[in-house]
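Novice: Below is one structure. I have some questions about it.
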Amino acid sequence: MADGKTGTTKVLMEETRIFEPPKALAENCNAWQWAKKKGFKTEKEMRAWCGEHYLEFWDEMAKTYADWYEPYTQVMDDSEKPYFKWFIGGKINMFYNAVERHIKAGKGKRVAYHFIPEATDQPERAYTYQEIYETVNKLANGLKSLGVKKGDRISIYMPMLPETVMAMLACAKIGAIHSLVFSGFSSKGFGDRVQDCEAKVVFTADGFYRRGKPMPLKPQADEGVKDAASVKNVIVLKRTGLEVPWTEGRDVWFHELVDKQSADCATEVMDAEERLFILYTSGTTGKPKGIEHAHGGYCVGPAYTCKWVFDLNEDDIYWCTADVGWITGHSYVAYGPLCLGITSVMYEGSPDYPDFGRWYKIIQDYKVTVFYTAPTAVRMLMKQGNEWPEKFDRSSVRLLGSVGEPLNPEAYIWYRKYFGNEISPIMDTWWQTESGCHVISPLPMTPCKPGSVAYPLPGFNTTIYDEEGNEVPLGEGGNIVNPTPWPSMLRAFYKDEVRYKKEYWDMYWKVKPGTYLAGDKATRDKDGYWFVQGRIDDVLSVAGHRIANAEVESSLVAHKDVAEAAVIGKPDEIKGEAIIAFVILKEGVKTSDDLAKALKTHVRTTMGPLAIPAGVYFVDDLPKTRSGKIMRRVIKAKALGNPTGDTSALANPEAVDYIPLI
Ligand code: 6R9
């Protein structure tokens, strides 16, 4: 189709291999225990019932996995679609569920995180639930002393540390709304997000470790907040001891703020719908969208899926490698495992420091039982060869997870063999910042097909629609949709009602109001197994991170020598997609390798290293629609040597000829 949206695609690849989970796991896992108790004979029957009776199902999950100060009187209210409300009248707090209730239950001595610094000469350290409870209480009092109140926004620009989770928890405790920005973002990326949510306080660190070396972070944080009038204080965690620029009266050391405070602090009683956090994710127009999540629903979705999909129990040692700055870190490093009182491993640095054996060594040292990572990491480690995993004992691992992009069959088989001892099933979990928790995934008793995310989870009625809103038959592709709401769903875009409606709800509003459009394409094979095919909009997936094409283009166009730019994703064995830029230079500017390099550096400094184009090509023109929209679909087809399809919407069809084969 001319606008680049999905048409109907057939299943091209037929995967016939099926991996059965170990019998003992299938029979004893938490999900199947529940099914047996309810009298279901098959997994299919269970999944179908939970979809049909989704309100009853979520009601039970909310009562099983969350503790409420006051019970809700209604499970869900859809009277103001697309603003769905969950657990009406219920009072709750995420901090109470993630930490406080474990202390009350006498489980304070349990380890929440085994923290492993990147530098091998620094001590590893366990943080108990009790220690986290006390530090968070003090930090919450510290935030109050700075004037932070319920509903205020707090930006967190911190590396992968237990203190980052504690900063999140302190906000939750007093009802402030946290907004994490991945510490790999540039100062501009950070600053834009701080300004958008009008943060009152910012958390950052003096620096972080990368490949064994301390790197500064505070100067970037300063640069980011320099135009943010809303920011009253910057709280700085001392991690590296690097010297930092200091603004008297504004900047506060994390440890000094905590040390002065009492460890008594009352947890704010929140309405279920009050906001827990805002997390920015890339949208089609390039401006990041602030996805809002609520306390009530978030206490349910991550905990339920940690219990059912990852089968987590108190004797597990769980490790999710995601950075807390992304949604996977929010749900599966912080809130989900904490709500269940689980012991996690948290590793500060990169997988190749001091060598490619680091992750396997951590698995060996801590006897990790459940491991969750992204396909990009699996492919990167696969490329390094089997001798690395073979040096270490990985026999503790009993279950694996994958997230962020399709796990291609080659990587799937390798991951299963070298991380999973050829027996651990892989939970390939499809979900989004917007969904808050897993949506489509196997369960531990599901027979799995490589490359497939299996089926929608209990509680979801996720299906595939064609452009008109008809469900497509097995074997055909279309748009992933959720016709019914779920508790940990997004509630809104921060201050942008129009885009919220446009991006998720307008597509099928006329035929089926309240149907959520996920923005991905998928197909199901003849057995009903789901295969995710990628985004329908113009968002790239680089190493599992979403980067809007438009964001990279606007960064390039901001360079003094660039007139116009178009960015596409080229399939990449390791990263999923590599960023390729086509650039029209301003009149009189000459093309050169140095200029191509300068443009890459420019993207790096304005957006951060994740967004650096792998290739920059200079062209004389770019194909556009009559309304001036650059036709990325056509550019991509031409560059990759595929048929360019329908070009009737082009204002300048001759421009296609300028696009080189890459
Ligand atoms: C959790 C997360 C969401 C987008 C999503 C889709 C892609 C996520 C996937 C997957 C294939 C999987 N995605 N999991 N694609 N298989 N198992 O990644 O959130 O950063 O918001 O990205 O990631 O395209 O729409 P987020």
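Novice: Which pairs turn up if I take residues in the stretch 367-379 that are under 11 Å from residue 321 (Cα atoms) and within 16 Å of the ligand (Cβ to nearest atom) and look for partners that are part of a helix (DSSP H, G or I) and among the aliphatic types (A, V, I, L, M) with beta carbon separation below 7 Å, at least 6 apart in sequence or on another chain?
Specialist: 371/363
Novice: Can you name every residue in the stretch 500-521 that is within 20 Å of the chain's Cα centre (by Cα) and more than 14 Å from the ligand (Cβ to nearest atom)?
Specialist: Residues of the stretch 500-521 that are within 20 Å of the chain's Cα centre (by Cα), as a first pass: 500, 503-504, 516-521.
Within the stretch 500-521, 500 is the sole residue that qualifies.
Novice: Now, a different point. What is the number of the single condition among (1) within 16 Å of the ligand (Cβ to nearest atom); (2) of a type in the set (D, E, K, R); (3) in contact with a helix residue (DSSP H, G or I) (Cβ under 9 Å, 6 or more places away or on another chain) that residue 524 does not meet?
Specialist: Going through (1) within 16 Å of the ligand (Cβ to nearest atom); (2) of a type in the set (D, E, K, R); (3) in contact with a helix residue (DSSP H, G or I) (Cβ under 9 Å, 6 or more places away or on another chain) one by one, residue 524 breaks only (3).
Novice: Given the options 406, 425, name the one that is of a type outside the set (A, V, I, L, M, F, W, C) and touching a Lys or Arg at 6+ places or on another chain (Cβ under 9 Å).
Specialist: Details: 406 fails: touching a Lys or Arg at 6+ places or on another chain (Cβ under 9 Å).
Criteria check complete, one pass: 425.
Novice: Mind listing whichever residues of the stretch 165-193 are surrounded by fewer than 23 Cβ atoms within 10 Å (Cβ to Cβ) and of a type in the set (D, E, K, R)?
Specialist: 188, 192
Novice: Inspect all residues belonging to the stretch 617-627 and state whether any of them is part of a helix (DSSP H, G or I), surrounded by 19 or more Cβ atoms within 10 Å (Cβ to Cβ), of a type outside the set (Gly, Ala, Ser) and out of contact with any helix residue (DSSP H, G or I) (no Cβ under 7 Å at 6 or more places or on another chain).
Specialist: no
Novice: Just to be sure before I move on: is residue 323 in contact (Cβ under 8 Å) with a residue 40 or more places away in the chain, away from the ligand (no atom under 13 Å from the Cβ), acidic (Asp, Glu) and not in a helix (DSSP H, G or I) in the structure I sent? Spell out the reasoning first.
Specialist: On the way: in contact (Cβ under 8 Å) with a residue 40 or more places away in the chain: yes; away from the ligand (no atom under 13 Å from the Cβ): no; acidic (Asp, Glu): yes; not in a helix (DSSP H, G or I): yes.
No, not satisfied.
Novice: Continuing with the same structure: Out of all the residues in the stretch 392-400, is one or more more than 10 Å from the ligand (Cβ to nearest atom), more than 17 Å from residue 360 (Cβ to Cβ), in contact with a Lys or Arg (Cβ under 7 Å, 6 or more places away or on another chain) and modelled with pLDDT of 95 or more?
Specialist: Among the residues of the stretch 392-400, not one is more than 10 Å from the ligand (Cβ to nearest atom), more than 17 Å from residue 360 (Cβ to Cβ), in contact with a Lys or Arg (Cβ under 7 Å, 6 or more places away or on another chain) and modelled with pLDDT of 95 or more, which makes the answer no.
Novice: Give me the helices (runs of 4 or more DSSP H) completely within the stretch 331-390, filtered to those with at least 1 residues that are charged (D, E, K, R), ordered by residue number.
Specialist: Details: elements: 336-339, 358-366, 375-383, 387-390.
Correct list: 358-366, 375-383, 387-390.
Novice: Still on this structure, please answer the following. Taking residue 563, is it within 16 Å of the ligand (Cβ to nearest atom) and either in a strand (DSSP E or B) or surrounded by fewer than 17 Cβ atoms within 10 Å (Cβ to Cβ) (or both)?
Specialist: Working: within 16 Å of the ligand (Cβ to nearest atom): no; either in a strand (DSSP E or B) or surrounded by fewer than 17 Cβ atoms within 10 Å (Cβ to Cβ) (or both): yes.
Judged against the criteria, residue 563 is not a match.
Novice: Is one or more of the residues making up the stretch 405-413 more than 10 Å from the ligand (Cβ to nearest atom), under 17 Å from residue 307 (Cβ atoms) and either out of contact with any Leu (no Cβ under 9 Å at 6 or more places or on another chain) or among the acidic types (Asp, Glu) (or both)?
Specialist: no
Novice: Being out of contact with any strand residue (DSSP E or B) (no Cβ under 6 Å at 6 or more places or on another chain), of a type outside the set (Lys, Arg) and within 13 Å of the ligand (Cβ to nearest atom) is the requirement here; does residue 386 meet it?
Specialist: On the way: out of contact with any strand residue (DSSP E or B) (no Cβ under 6 Å at 6 or more places or on another chain): yes; of a type outside the set (Lys, Arg): yes; within 13 Å of the ligand (Cβ to nearest atom): no.
Criteria not met by residue 386.
Novice: List the pairs whose first member sits in the stretch 241-268 and is free of Cβ contacts under 8 Å to residues at least 60 places away in the same chain, whose second member is surrounded by fewer than 16 Cβ atoms within 10 Å (Cβ to Cβ) and part of a strand (DSSP E or B), and whose Cβ atoms are under 7 Å apart, counting only residues at least 6 apart or on separate chains?
Specialist: Final answer for the pair search is 242/214.
Novice: Out of 586, 590, 636, I need the residue that is touching a residue at least 60 places away in the same chain (Cβ under 8 Å) and of a type in the set (Lys, Arg). Which one? Step through it out loud before you land on a result.
Specialist: Numbers: 586 fails: touching a residue at least 60 places away in the same chain (Cβ under 8 Å); 590 fails: touching a residue at least 60 places away in the same chain (Cβ under 8 Å).
Only one candidate qualifies: 636.
Novice: Hey, any hits in the stretch 438-455 for a residue that's farther than 19 Å from residue 22 by Cα, hydrophobic (A, V, I, L, M, F, W, C), out of contact with any helix residue (DSSP H, G or I) (no Cβ under 8 Å at 6 or more places or on another chain) and within 16 Å of the ligand (Cβ to nearest atom)?
Specialist: Yes, that holds for at least one residue.
Novice: Let me spell it out: the conditions are (1) in contact with a strand residue (DSSP E or B) (Cβ under 9 Å, 6 or more places away or on another chain); (2) buried (at least 18 other Cβ atoms within 10 Å of the Cβ); (3) within 18 Å of residue 562 (Cβ to Cβ), and residue 606 meets all of them except one. Which number is the exception?
Specialist: Among (1) in contact with a strand residue (DSSP E or B) (Cβ under 9 Å, 6 or more places away or on another chain); (2) buried (at least 18 other Cβ atoms within 10 Å of the Cβ); (3) within 18 Å of residue 562 (Cβ to Cβ), the lone unmet condition for residue 606 is (1).
Novice: Looking at the structure I just gave you, is residue 525 surrounded by fewer than 20 Cβ atoms within 10 Å (Cβ to Cβ), over 26 Å from residue 427 (Cα atoms), of a type outside the set (Val, Ile, Thr) and over 26 Å from the mean Cα position of the chain (by Cα)? Write out each step before concluding.
Specialist: Details: surrounded by fewer than 20 Cβ atoms within 10 Å (Cβ to Cβ): yes; over 26 Å from residue 427 (Cα atoms): no; of a type outside the set (Val, Ile, Thr): yes; over 26 Å from the mean Cα position of the chain (by Cα): yes.
No: the conditions fail for residue 525.
Novice: If a residue must be within 16 Å of the chain's Cα centre (by Cα), farther than 16 Å from residue 300 by Cβ and among the hydroxyl-bearing types (Ser, Thr, Tyr), how many such residues does the stretch 316-351 contain?
Specialist: 2
Novice: Looking at 292, 314, can you tell me which residue is surrounded by fewer than 22 Cβ atoms within 10 Å (Cβ to Cβ), at pLDDT 95 or above, among the charged types (D, E, K, R) and not in a strand (DSSP E or B)? Steps first, please.
Specialist: Working: 292 fails: not in a strand (DSSP E or B).
Matching residue, one of 292, 314: 314.
Novice: Could you tell me whether the stretch 462-477 includes any residue that is part of a loop (DSSP other than H, G, I, E, B) and under 25 Å from residue 76 (Cα atoms)?
Specialist: Start the filter on the stretch 462-477 by keeping residues that are part of a loop (DSSP other than H, G, I, E, B), which leaves 462, 466-470, 472-475.
Pick out the ones that are also under 25 Å from residue 76 (Cα atoms) and you get 462, 469.
Yes, the stretch 462-477 has at least one match.
Novice: Which condition number in (1) over 26 Å from residue 54 (Cβ atoms); (2) free of Cβ contacts under 8 Å to residues at least 24 places away in the same chain is the one that residue 423 fails?
Specialist: Just one mismatch for residue 423, condition (2).
Novice: Is it the case that residue 425 is within 16 Å of residue 308 (Cα to Cα), surrounded by fewer than 23 Cβ atoms within 10 Å (Cβ to Cβ), of a type outside the set (Phe, Trp, Tyr) and away from the ligand (no atom under 14 Å from the Cβ)? I'd like the intermediate steps shown before the answer.
Specialist: Working: within 16 Å of residue 308 (Cα to Cα): yes; surrounded by fewer than 23 Cβ atoms within 10 Å (Cβ to Cβ): no; of a type outside the set (Phe, Trp, Tyr): yes; away from the ligand (no atom under 14 Å from the Cβ): yes.
So residue 425 does not fit the description; no.
The values are calculated or read from the model by the stated rules, or taken from the named source; none is laboratory data. Every value quoted in this text rests on a predicted model; they were computed, and no experiment measured them. When we count neighbours, we look across all protein chains shown, and the Cβ atoms used for this are built from the backbone with ideal geometry, even at glycine.
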